[in-house]
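S.K.: Take a look at this one; I'll ask things after.
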Amino acid sequence: MGMGPIQPQDTDDAFGAAPLSEINVTPLVDVMLVLLIIFMVAAPLMTVGVPVQLPKTAAPKVSQPKQPVVVTIDAQGQPFLDKEPLTPDTMMPRLRALASADPGQVVLVRGDKAVPYGRVIEIMGQINAAGFGRVSLIAQAPGGSGSP
């Protein structure tokens, strides 16, 4: 019994049946499902922090943020503090008094769309000069109704 050259009838090439060219994906799917299960189990364990016992404290809870100061400018350019009209003589003293009470207070400026941009910026400058560092503009969202 000697080993001889491979004869054409012993192989599945042009002389025999066509080679099987399909890939068996069952083992691949099995491996992927096992990896998926491992990661699904392990992922929540990776996000947990170090367990600690937190100390007790007598500090009060953080209070809710205060209502912001709202300055409204009507269509004629007249500023209002909430619903109180502000004249050029009373505006700065009133704003300075509010700023001295809480300089970190937020001031929201609501300006009518008919008011010139320069008037709105002038009022914002006076608010800033009174001592407020956080001044924001309020606009209405498209399709929204009413005012804040």
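Any read-out appearing in this document is the output of simple, stated calculations on the displayed coordinates, not a laboratory observation. Everything quoted here is computed from the prediction, not taken from an experiment. So basically every Cβ, Gly included, is an ideal-geometry build from the backbone, and we count neighbours across all protein chains shown.
S.K.: Can you list the residues, at least 5 places off or on another chain, whose amide H is less than 5 Å from the amide H of Val70, using H built in the peptide plane?
M.R.: Asp82, Leu108
S.K.: List the residues, sorted by chain then number, that are 5 or more residues from Leu86 or on another chain and whose placed amide H is less than 5 Å from its amide H.
M.R.: Counting only residues 5 or more places away or on other chains, the set is Phe80, Leu81.
S.K.: On full extension of the chain, what length is gained from Asp30 through Arg134, given 0.36 nm per residue of separation minus the C-alpha to C-alpha distance?
M.R.: Gain on stretching Asp30 to Arg134: 31.5 nm.
S.K.: Another one. Per-residue HN-Hα couplings for the range 67-72, Karplus 6.51 cos²θ - 1.76 cosθ + 1.60 at θ = phi - 60°, whole Hz, x for Gly and Pro?
M.R.: Running phi through 6.51 cos²θ - 1.76 cosθ + 1.60 with θ = phi - 60° gives 5, x, 7, 10, 10, 10 Hz.
S.K.: Average the reciprocal distances over every distinct pair of alpha-carbons in the range 69-138, invert the result, and give the Kirkwood radius in Å.
M.R.: 11.8 Å is the Kirkwood radius here.
S.K.: Neighbour counts of other C-beta atoms within 10 Å: give me Glu84, Glu122 arranged from fewest to most.
M.R.: Glu84, Glu122
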